[in-house]
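K.L.:
Sharing a structure, written as structure tokens. Questions coming.
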Amino acid sequence: MLKIPRHVAIIMDGNGRWAQQRKKHRTFGHKAGVEAVRASVAFARETGIDSLTLFAFSSENWKRPKDEVSILMELFSLVLKSEVKKLNKNDIKFKVIGDITGFDKKLQTKIAEAEALTANNQSLTLNIAANYGGRWDIINAAKTIMSKVAASELSIDKIDEECFEQHISTQGLPELDLLIRTGGDHRVSNFLLWQCAYAEFYFTETLWPDFNKEMFQQAVDDFAQRQRRFGQTGEQIMTQDIEPKVC
Ligand code: IPE
Ligand code: IPE
Ligand code: MG
């Protein structure tokens, strides 16, 4: 049986270059990228992937020109409005991970409403990483843990990987299995740093707006061929039926 990753994350990169190749403004590429998001969500839902985490806006992307940032915010808001009902109808749970306090109040309310509407859905969890940074995620978890220690709700000797997992933004989701990056660069750009520990990486030159179901399938097929050893030897893995858990 083919191994299907339970949790896939995607760094959706290359929108700007896609637009520039067509002599258009970078924001044209962001708009075109929405179709690739729809296709990826549909593919994940059809394939039986449990969780899909999409990197939409990093904590560093605020450094971009003001007009690009505002178009991205507008687009996020519009897509949220137009897609949430459909997500709900397809039994998809929607969640935003990242520091949403950085967004305007209206957008924060829309996010909260979308999360509440879809909270009980079970066929797929769709996490949108917005104003997200992997370092922020780790610091945020550390802060929550420290405040529990200060309030005597948690003792220091209970802080281990499992405890940390429960305070990180992806808590409750399966371990990250596969990280895809489009756009040809081979870096993590402060995405899921904690969660990447044993993820398989898949890089493609394809620019995000050109990404589609067939390409997602290729990444999943590639994943299925890999031997994940989690520190053990290849021989040990061959004699096991089930792969060991990371921690
Ligand atoms: C990714 O595409 C989308 C966001 C970061 C919001 P880019 O806008 O980074 O596209 P390139 O990398 O400049 O082509
Ligand atoms: C990563 O892409 C962030 C998103 C895809 C949202 P960037 O384009 O911001 O990454 P760098 O700057 O090339 O590392
Ligand atoms: Mg980029």
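K.L.:
What ranking, highest mean first, results for peptides 181-192, 143-154 when packing means the other Cβ atoms within 10 Å averaged over each residue?
P.N.:
Those peptides, ordered most packed to least, come out 181-192, 143-154.
K.L.:
Now for a different question. Roughly what % of Cα-Cα distances in the range 129-184 sit above 19 Å, to the whole percent?
P.N.:
39 percent
K.L.:
Separate question: Pop out the Kirkwood hydrodynamic radius of the chain from its pairwise C-alpha distances, inverse of mean 1/r, in Å to one decimal.
P.N.:
19.2 Å
K.L.:
Sticking with this structure for a sec: Quick one: net charge of residue 170's neighbours, Cβ under 10 Å, K/R +1, D/E -1?
P.N.:
Combined, the nearby Lys, Arg, Asp and Glu give -2.
K.L.:
Roughly how many percent of the accessible protein surface of the chain is carbon and sulfur, given a 1.4 Å probe and a whole-percent answer?
P.N.:
C and S fraction of accessible area: 52 percent.
K.L.:
Based solely on its DSSP helices, what 222 nm [θ] is calculated for the chain when runs of n ≥ 4 H residues each add -39,500 (n - 2.57) and the sum is averaged over all residues, nearest 500 deg cm²/dmol?
P.N.:
Taking each H run of at least 4 residues, the total per residue is -14000 deg cm²/dmol.
K.L.:
At 1.4 Å probe radius, can you tell me the per residue accessible area of the range 1-116 in Å²?
P.N.:
Per residue, the range 1-116 has 54 Å² of solvent-accessible surface.
K.L.:
Same structure, new question: Which whole-angstrom value gives the distance between the alpha carbon centres of the range 174-247 and the range 1-45?
P.N.:
17 Å
K.L.:
Residue farthest toward the positive end of the dipole of the range 93-202, with Cβ of Lys/Arg at +1 and Asp/Glu at -1: which of 145, 124, 101?
P.N.:
Among 145, 124, 101, the one farthest towards the positive end of the dipole of the range 93-202 is 101.
K.L.:
Excluding ligands, DNA and RNA, what is the solvent-accessible area per residue of the range 130-247 at a probe of 1.4 Å, expressed in Å²?
P.N.:
56 Å²
K.L.:
Additional query: Pick from 172, 234, 134: which residue has the top mean-square fluctuation in a GNM of the chain where Cα pairs under 10 Å get a spring?
P.N.:
Between 172, 234, 134, it is 234 that shows the largest mean-square fluctuation.
K.L.:
Remind me, relative contact order of the chain in percent, using alpha carbon pairs under 8 angstrom and six or more residues apart?
P.N.:
28 percent
K.L.:
Straight-line reach from residue 23: which lysines have Cα under 21 Å away, leaving out those fewer than 8 places along the same chain?
P.N.:
Straight-distance partners of residue 23: 31, 66.
K.L.:
In cubic angstrom, how much convex hull volume per residue do the alpha carbon atoms of the range 109-247 span?
P.N.:
176 Å³
K.L.:
Take each of the peptides 105-111, 64-70, average the number of other beta-carbon atoms within 10 Å over its residues, and list them starting from the highest.
P.N.:
Packing order, densest peptide first, comes out as 105-111, 64-70.
The values are calculated or read from the model by the stated rules, or taken from the named source; none is laboratory data. Worth saying up front: this structure is predicted, and the values here are computed from it rather than measured. Cβ sites come from the backbone with ideal geometry, for glycine too, and all protein chains shown count toward neighbours. The area values use the complete protein model at the heavy-atom level, side chains included, leaving out ligands, DNA and RNA. Shrake-Rupley method; radii C 1.70, N 1.55, O 1.52, S 1.80 Å.
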